Amino acid sequence: MADPHTGSAMGREIAEIPAAAERLLARTEAITAIAARIEQARPRIVVFCGRGSSGHVGSYLFEARLGLLASAAAPSVVTAYRRPPEMRDALFVVVSQSGRSPDLVNATQVARKHGALTLAIINDADSPAAQTSELVLPIGAGAEHSVAATKTVLLSMLAGAQLVAALAHDDDLAAGFRQLPQRLSRSLACDWTTWADSAARAAAAFVVGRGYGLGCVREIALKVAEILRVPTIGHSAAELRHGPRASISPSTPVLLLRQNDEAATAVDDLVKDLNDAKETVFVAGGPAGTLPWIGDGHPVFDPVVMLVPAYRAIEAVARRRGFDPDNPPYLSKVTRTL
């Protein structure tokens with residue numbers, strides 16, 4: 001149980017993110033070896049398999065930087081319907097903190113049996129998912145005591161980006177990595193509790209972004225739902241205009257993440273439209289930003305860095321409201337689904 005006088009395990013683990021990221025980014029040997037094996041296999045498609053927060057570590061970067069078609073796996077195709085797809089020429093990436101969810105382990109076993117090159121991005125390198133995979137990329141986050149994952153989610157995202165940079169021989173991404181530990185440290189000082197307070201009082205909330213920010217948008221929405229107990233939807237700024245915009249009102253706050261790249265215009269236009277309609281809008285990044293932010297950095301990594309103040313605000317507001325951020329109801333560290 002979180003101690004109201006000393007904070008929570010979640011809060012302490014968020015504070016550990018900059019140092020943990022610096023350690024991860026300093027370890028390059030495993031990335032180099034895994035990238036060489038993937039280049040040898042020459043996959044045509046990348047399939048990501050993860051549940052909850054791990055499901056937000058995914059496809060966008062692989063498609064945009066490597067030109068590889070990426071897809072999300074549906075474990076129930078294997079575990080419930082028992083119809084394993086053909087997986088030759090596929091890279092199957094299972095992402096998990098514990099590596100013990102039976103459906104993920106089963107799906108990885110079947111993918112490998114049916115021809116996929118399997119990779120586990122994982123915190124526990126001795127877990128069943130790691131043992132089942134041909135390649136293992138440990139994130140080295142250390143113990144995470146809060147049931148709601150933060151440190152391991154962010155490090156899994158960075159590990160995936162490291163792999164893309166190695167496969168693409170991408171100097172631009174490498175330059176972005178060098179800035180990350182300092183930017184993560186600086187982001188700890190950004191106070192987003194005005195947004196989290198608004199979300200916590202609402203009947204429903206929205207988180208919106210586009211491009212590289214989409215996985216982080218969905219991750220923040222999940223954390224609001226499970227820790228602040230408010231139904232929250234993460235949408236693409238483009239997708240929102242295809243119907244869901246109708247459900248936004250001044251009583252449903254919207255958080256928008258804006259990184260400075262080709263996707264920025266869509267976010268800027270949506271911010272203007274929402275402000276013109278007098279909706280309740282909170283913006284991170286860009287000229288219309290309303291939340292404290294550290295300024296533009298690398299557009300691939302800025303949404304990842306934005307997770308830090310979002311996590312801190314959710315943790316702080318949860319404790320103010322008498323919720324235990326370390327133990328959200330109905331959530332466990334190992335989700336045993338099939």
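The values are calculated or read from the model by the stated rules, or taken from the named source; none is laboratory data. Fair warning: this is a prediction, and the values are worked out from it, not measured in the lab. Note that we place each Cβ from the backbone using ideal geometry, even for glycine, and neighbour counts take in every protein chain shown. Keep in mind that these areas ignore ligands, DNA and RNA; they rest on the heavy atoms of the full protein, side chains included. Shrake-Rupley method; radii C 1.70, N 1.55, O 1.52, S 1.80 Å.
Annotation: of all residues in the range 72-95 being modelled with pLDDT of 90 or more and closer than 29 Å to A141 by Cβ, the one that is surrounded by the fewest Cβ atoms within 10 Å (Cβ to Cβ) is M87. Considering the range 2-30, the residues that are within 30 Å of P102 (Cβ to Cβ) and at pLDDT below 95 include one that is surrounded by the most Cβ atoms within 10 Å (Cβ to Cβ), namely A2. When the range 223-237 is filtered for residues that are farther than 17 Å from T280 by Cα and either more than 14 Å from the chain's Cα centre (by Cα) or modelled with pLDDT under 95 (or both), the ones remaining, listed by number, are A225, E226, I227, L228, R229, S236. Test L307 against the criterion of being assigned to a loop (DSSP other than H, G, I, E, B), among the hydrophobic types (A, V, I, L, M, F, W, C) and under 20 Å from T152 (Cα atoms), and give yes or no. No. Considering each residue of the range 275-295, count those that are closer than 21 Å to G176 by Cβ and surrounded by 15 or more Cβ atoms within 10 Å (Cβ to Cβ), and give that number. Final tally of qualifying residues: 6. Residues satisfying the criterion are absent from the range 238-247 (criterion: modelled with pLDDT under 95, part of a helix (DSSP H, G or I) and of a type in the set (S, T, Y)).
Of the residues making up the range 33-55, those that are of a type outside the set (D, E, K, R), part of a helix (DSSP H, G or I) and modelled with pLDDT of 95 or more are A33, I34, A35, A36, I38, Q40, A41. Would you point out the residue of the range 141-166, among those that are in contact with a Lys or Arg (Cβ under 6 Å, 6 or more places away or on another chain) and assigned to a loop (DSSP other than H, G, I, E, B), that is nearest to A30 (Cα to Cα)? Residue satisfying both the conditions and the ranking: A141.
Table: residues versus (1) in contact (Cβ under 8 Å) with a residue 40 or more places away in the chain; (2) within 26 Å of A19 (Cβ to Cβ).
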{"residue": "A72", "(1), (2)": "no, no"}
{"residue": "P84", "(1), (2)": "no, no"}
{"residue": "S101", "(1), (2)": "yes, no"}
{"residue": "Q109", "(1), (2)": "no, no"}
{"residue": "H114", "(1), (2)": "no, no"}
{"residue": "T118", "(1), (2)": "no, no"}
{"residue": "A129", "(1), (2)": "no, yes"}
{"residue": "A148", "(1), (2)": "yes, yes"}
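Of all residues in the range 200-245, those satisfying the criterion of being in contact (Cβ under 8 Å) with a residue 60 or more places away in the chain and of a type in the set (V, I, T) are V208, V217, I220, V224, I227.
Here is a yes/no grid of residues against (1) hydrophobic (A, V, I, L, M, F, W, C); (2) in contact with an Asp or Glu (Cβ under 9 Å, 6 or more places away or on another chain):
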residue: R201; (1), (2): no, no
residue: F206; (1), (2): yes, no
residue: G213; (1), (2): no, yes
residue: A221; (1), (2): yes, no
residue: E226; (1), (2): no, no
residue: V230; (1), (2): yes, no
residue: G285; (1), (2): no, yes
residue: A288; (1), (2): yes, yes
residue: L291; (1), (2): yes, yes
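Looking at A149, is it closer than 30 Å to L228 by Cα and of a type in the set (A, V, I, L, M, F, W, C)? In short, yes.
Scan the range 248-274 for residues that are in a helix (DSSP H, G or I) and either open to solvent by 60 Å² or more (accessible area, probe 1.4 Å) or acidic (D, E) (or both) and jot them down. Even if it seems obvious, please write down each step before you answer.
So in the range 248-274, the residues in a helix (DSSP H, G or I) come out as 264-274.
Selection gives T265, D268, D269, K272, D273.
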